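Student: Quick one: the structure is below, questions incoming.
The values are calculated or read from the model by the stated rules, or taken from the named source; none is laboratory data. Given the structure is predicted, the values throughout are model-derived calculations rather than measurements. FYI the Cβ positions are ideal-geometry reconstructions off the backbone, even for glycines, and counts take in every protein chain you see.
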Amino acid sequence: MRRLLVIFMFAALAGFGFAQGTLTLEQNKPEIDAALKTYAATWGTANNVQVTIKSVGGGSGSDLGKQLQADYAAGDMPDIFVIDGPESYKQWQSIILDLSSQPWVKHTSVAFKMDDKVYGFPVSIEGWGLAYNADILRKAGVNPATLVDYAAYARAFAKIDSMKKELGIDSVVSMAASMDMEWVTADHDFNALLSNGLKYGDKSVTNDLLAGKVDPQRLRQYADWVALLFKYADKSILTTGNYDAQVGAFASGKAAFLHQGNWVDPNLAQAKVHFKMGFAPYGSLKEPTHGIFVAAPSYYVINSQSKNIAAAKKFLDDLVFTEAGQKYIVQKAGMIPAFSNIKLKPTGQLSEAVQAYAAAGKIYSWNQYDFSNDFRQKTLGPIYNLFAMGQIDETKFIDLMTQAFQGLKQ
């Protein structure tokens, strides 16, 4: 009997399955799924923890918010999951752990906070706008630095469109507006209405719209911008294309611009893209603007009801303070680190461009997540889709957007 007990204890200490912990992380960035799973497996082996990564997102009807609701209903919430801002925090605040005392907090300025307490670990720093193929723009005689307002973009788009055959492209802009890709329109592009041209952190337009107050002139300028993007986009990708189709058109050199963010760097690396690229200023207004949209896009939070809180905390700590964790963030996942102690620099061209904009202070806030997921996805998303499909004109687009914001008035 004593011999059996000794064997059992030895097996447990050796990690033969008797004492192995578990950890589940559910996240919304499919582009880092492979890198995250590889890192998690290595980390799990070193820490005797079986780590499960669940990636939900990227279109095709997949949505992390809906999946988390299903998980909660089934009593199967992950130990670590992602929120994207105030609205999703409010949804899950009863089970989100206070992380204010964690060692990584002092190394970041973009942790998610509510009431002076830290609840969210910033996954990365990201920026989005109109990425450009420098070779195509050079051949077309377009300097991306001059694209600082609507008129400049209108001229450049028309010129490039007239040279499509000569340039070997199918469209000027790779843009998606299908119902599965509403995050491109009703999250990212929508934010241009909310913050372009405003001082970083300025929520004046956001707060007005949340109160049902619409600035007709600003909305008209924004509608002109959306119409311009849609006019020069590949109609198939615009109306029915998924993430892979949108990014693929740019990666293959068939579009001069891509309406996405630096998170596509891993996709472009996988596609072995060699042309030079960057982000042009997001000139969606009639007056000049010189920046792009940069922020922490999402945050890891820990489920306070988890039985694996210690492992969850260590997993996040090790991303920041171990060489393996830092290399995963920057070199494997291709992300811009949100922590000052991490000195590694991403090699992706778009991530480098985002860092350059941030260093120059030419950045605008991400305010879209002050609006609920349902409002963005179920109210605004279909309006963009109708406009892209040609089922409504620009005047109707403005009317429907106005009605949507006025419906928010309490």
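Student: Which members of region 91-106 meet the condition of being farther than 13 Å from G120 by Cβ and either in contact with a helix residue (DSSP H, G or I) (Cβ under 7 Å, 6 or more places away or on another chain) or basic (K, R) (or both)?
Tutor: If the condition is that a residue be farther than 13 Å from G120 by Cβ and either in contact with a helix residue (DSSP H, G or I) (Cβ under 7 Å, 6 or more places away or on another chain) or basic (K, R) (or both), then P103, K106 are the ones that fit.
Student: What number of residues within region 102-111 satisfy the criterion of being in contact (Cβ under 8 Å) with a residue 24 or more places away in the chain and closer than 18 Å to F315 by Cα?
Tutor: Number satisfying all stated conditions: 6.
Student: Across region 261-303, which residue is farthest from A134 (Cα to Cα) among those that are polar (S, T, N, Q) and crowded, with 24+ Cβ neighbours inside 10 Å?
Tutor: Start the filter on region 261-303 by keeping residues that are polar (S, T, N, Q), which leaves 262, 267, 270, 284, 289, 298, 303.
Cutting the leftovers down to crowded, with 24+ Cβ neighbours inside 10 Å gives us 262, 298.
On the way: N262: 16, S298: 29 Å.
The selected residue is S298.
Student: Return the residue satisfying two criteria in turn: it lies in region 307-351 and is of a type outside the set (A, V, I, L, M) and out of contact with any helix residue (DSSP H, G or I) (no Cβ under 8 Å at 6 or more places or on another chain), and of such residues it is farthest from V273 (Cα to Cα). Even if it seems obvious, please write down each step before you answer.
Tutor: The first filter runs over region 307-351 and keeps only residues of a type outside the set (A, V, I, L, M), leaving 307-308, 313-315, 317-318, 321-323, 325-328, 331-332, 334, 337, 339-341, 343, 345-349, 351.
Filter once more, keeping what is out of contact with any helix residue (DSSP H, G or I) (no Cβ under 8 Å at 6 or more places or on another chain): 307-308, 313, 322-323, 327, 331, 343.
Working: K307: 44, N308: 41, K313: 37, T322: 30, E323: 28, K327: 22, Q331: 17, K343: 26 Å.
Per the stated criteria, the residue is K307.
Student: Can I ask one more? Can you give me the ranges of the strands (runs of 3 or more DSSP E) entirely in region 240-356 with at least 1 residues that are under 25 Å from K164 (Cα atoms) and either of a type outside the set (S, T, N, Q) or touching a residue at least 12 places away in the same chain (Cβ under 8 Å) (or both)?
Tutor: On the way: elements: 255-261, 277-280, 292-295, 299-302.
So the answer is 255-261, 277-280.
Student: Please work out which one of (1) modelled with pLDDT of 95 or more; (2) outside the structural domain of Q368 (by TED's automatic domain parsing) is the condition Q260 fails and give its number.
Tutor: Against the list (1) modelled with pLDDT of 95 or more; (2) outside the structural domain of Q368 (by TED's automatic domain parsing), Q260 comes up short only on (2).
Student: Do the conditions hold for A211, that is, is it closer than 19 Å to A388 by Cα and in contact (Cβ under 8 Å) with a residue 24 or more places away in the chain? Outline the logic, then answer.
Tutor: Numbers: closer than 19 Å to A388 by Cα: no; in contact (Cβ under 8 Å) with a residue 24 or more places away in the chain: yes.
Considered against the rule, which asks whether it is closer than 19 Å to A388 by Cα and in contact (Cβ under 8 Å) with a residue 24 or more places away in the chain, A211 comes out as no.
Student: Checking D180 against (1) modelled with pLDDT under 95; (2) part of a loop (DSSP other than H, G, I, E, B), which test does it fail?
Tutor: Only one criterion is unmet by D180, namely (2).
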